[in-house]
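Worksheet for the structure shown next.
The values are calculated or read from the model by the stated rules, or taken from the named source; none is laboratory data. For clarity, every value in this text was computed on a predicted model and none was experimentally measured. All Cβ positions, glycine included, derive from the backbone under ideal geometry; neighbour counts span all protein chains shown. Surface accessibility is based on the protein's heavy atoms, side chains included, excluding ligands, DNA and RNA. Shrake-Rupley method; radii C 1.70, N 1.55, O 1.52, S 1.80 Å.
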Amino acid sequence: MSGPFASPSPSPLTRRGFLAATGALSLAATLTACGGDGGSTGGSSAKAVSQADIDKAMKTPTELTFWTWVPNIDKEVALFEKKYPAVKVKVVNAGQGTPQYTKLRTALKAGSGAPDMVQLEFQAIPTFTVTDSLLDLRPYGAAKLKSTFVDWTWGQVSGSGGEVWAIPQDTGPMGMLYRKDIFDKHGIEVPTTWDEFAAAARKLHKADPDVYLTNLAANQPAAWHGLLWQAGGKPYVTSGRSDITVSVDDAVSRKLGDYWGALAKEGVIGVEPDFTDGWYAALNKGKYATWLTGAWGPAFLSGSAKATAGKWRVAPLPQWDAAKPSAGNWGGSTTAVVRSTKNPVAAAVFAQFLNSDPASARMFATEQFFFPATKALLADSSFLGDAPAFYGGQKVNKVFAEISTEVDPSFQWPPFLDRVATDWTETVGKSLADKSDTVRALGSWQSRITTFAKSQGFTVKGG
């Protein structure tokens, strides 16, 4: 079976739909306070549910409701229903990312209308665990799946007490897509360090003022977080329910701010908003020689920049320390079980099956073009060997599979990500767009986050 890059033809998804499906479009959840009632009907217990009880539940006629924005996921759901014919799953698209989260919070507060299972991006999980809205899946056997998934993804779905809040579905380890033809024309070697990248940016733009080495979108906090992740940043470290350390203005963050702020000020990189008509046009006409993006990017680009087919290649991100390669992540999502479910066993089994069953996991990779979270797929020869013509026959999946092994598993997200993202755009993003002081903007961002967190009852360290 061929991988998701079997041909350079575009995916049937819309541009927005593809990004939402991969968890790449939105960094924002809609929690604006740490209150709310997640319900307790389903409950969570450290005591394991017996296999006999699981078998009984899966043979009992049951209807589950699953909120997800993944296109054509009925195909994967059908695999589950074939194995467990007594359980029927109603698939509902309640919105893509943030709109879905808003509806979920409303249903939870109302005490009715919430689904049994829900799709959540990695970064949205703390938003719902802080309100006790998710079911700990350990009693239902989820902990046994730890070795099935890439280590860092398991860290994203696990709680500080060992809880398993969701099952990974897809990922977005970050790499660099680059225009080989533009590099060759200007004698630019693929940069392996960020110093080399900066030198190449200056060289390229001097040689051709209409071309930039890359675009760091001033409206994209997701990309910034991925780069911060790669640089070794620990912007948010939570402890317990109400303690958080905020470090978006520390040494690592300032290094990032100084680097990208300088390139923006010099005018040797672009800073225009991404996923806009202008940005798509820029990619098609060769305005940008690279795109720093998640592993979902290659499939997306092949449908959005058809005029450039065959000209792109893939490489890891440049490194801050070439002797210690590291990677960040941008995108990816999970399946979680809502704590108020009346059918916790069946819902938990569904979440696990959907993402760990080999046939279902492969289907996500080949039907929806998701980048896998399972170790088996990332070691599969047919997946790794796929060589799309859009990328000159390069084995793109293999490059990103190797990158995925270098993602730091300890990176954490805050439980009020919507506010963090908005504040980034209004401070750091604005500094890039205005070509002003990005390091100073980091201080403003830190101050805003700290003030907000304290107003919501958090004890804040840092800043």
Ala201 fails exactly one of the following numbered conditions: (1) within 30 Å of Thr102 (Cα to Cα); (2) crowded, with 21+ Cβ neighbours inside 10 Å; (3) touching a residue at least 60 places away in the same chain (Cβ under 8 Å). What is the number of that condition? (1)
Test: residue in the range 399-412 that is in contact with a strand residue (DSSP E or B) (Cβ under 6 Å, 6 or more places away or on another chain), in contact (Cβ under 8 Å) with a residue 40 or more places away in the chain, surrounded by fewer than 21 Cβ atoms within 10 Å (Cβ to Cβ) and in a loop (DSSP other than H, G, I, E, B): yes
One residue from Val420, Val428 being touching a residue at least 24 places away in the same chain (Cβ under 8 Å) and within 19 Å of the chain's Cα centre (by Cα): Val420
May I ask you to verify whether Leu354 is out of contact with any Gly (no Cβ under 6 Å at 6 or more places or on another chain), touching a residue at least 12 places away in the same chain (Cβ under 8 Å) and closer than 23 Å to Arg138 by Cβ? yes
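A quick yes/no check of all residues on (1) under 22 Å from Pro61 (Cα atoms); (2) at pLDDT 95 or above; (3) part of a helix (DSSP H, G or I); (4) not aromatic (Phe, Trp, Tyr):
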residue: Ser333; (1), (2), (3), (4): no, yes, no, yes
residue: Thr341; (1), (2), (3), (4): yes, yes, no, yes
residue: Ala359; (1), (2), (3), (4): no, yes, yes, yes
residue: Arg362; (1), (2), (3), (4): no, yes, yes, yes
Considering Ala78, Ala48, which residue is open to solvent by 40 Å² or more (accessible area, probe 1.4 Å), farther than 30 Å from Ala222 by Cα and either aromatic (Phe, Trp, Tyr) or modelled with pLDDT under 95 (or both)? Ala48
Are there helices (runs of 4 or more DSSP H) fully within the range 217-302 with at least 2 residues that are at pLDDT 95 or above and buried (at least 23 other Cβ atoms within 10 Å of the Cβ)? List them. 221-230, 251-266
Residue selected from the range 153-193 under the condition under 26 Å from Lys395 (Cα atoms), among the acidic types (Asp, Glu) and surrounded by fewer than 23 Cβ atoms within 10 Å (Cβ to Cβ), by the criterion farthest from the chain's Cα centre (by Cα): Asp184
Meets criteria (open to solvent by 10 Å² or more (accessible area, probe 1.4 Å) and either of a type in the set (Val, Ile, Thr) or not in a loop (DSSP other than H, G, I, E, B) (or both)) for Glu196: yes
Might you check whether a residue that is without any contact (Cβ under 8 Å) to a residue 60 or more places away in the chain, farther than 21 Å from Gly297 by Cβ and either open to solvent by less than 20 Å² (accessible area, probe 1.4 Å) or in contact with a Leu (Cβ under 9 Å, 6 or more places away or on another chain) (or both) occurs anywhere in the range 380-392? no
Scanning the range 424-462 residue by residue, those open to solvent by 50 Å² or more (accessible area, probe 1.4 Å), part of a helix (DSSP H, G or I), of a type in the set (Ser, Thr, Tyr) and in contact with an Asp or Glu (Cβ under 7 Å, 6 or more places away or on another chain) turn out to be none
Checked Gly240, Gly294, Gly270 against criteria (touching a Pro at 6+ places or on another chain (Cβ under 8 Å) and not polar (S, T, N, Q)); the one match is Gly294
Working carefully through the options Thr65, Thr60, find the one that is in contact with a Pro (Cβ under 7 Å, 6 or more places away or on another chain) and either open to solvent by 20 Å² or more (accessible area, probe 1.4 Å) or not hydrophobic (A, V, I, L, M, F, W, C) (or both). Thr65
Please pick out the residue among Leu137, Leu108, Leu120 that is open to solvent by 10 Å² or more (accessible area, probe 1.4 Å) and aliphatic (A, V, I, L, M). Leu108
Search the range 204-216 for residues being in a helix (DSSP H, G or I) and open to solvent by 10 Å² or more (accessible area, probe 1.4 Å), and hand back the single one that is nearest to Trp260 (Cα to Cα). His205
Being open to solvent by less than 50 Å² (accessible area, probe 1.4 Å), in contact (Cβ under 8 Å) with a residue 40 or more places away in the chain and part of a loop (DSSP other than H, G, I, E, B) is the filter here, so list the residues in the range 81-102 that pass it. Tyr84, Gly97
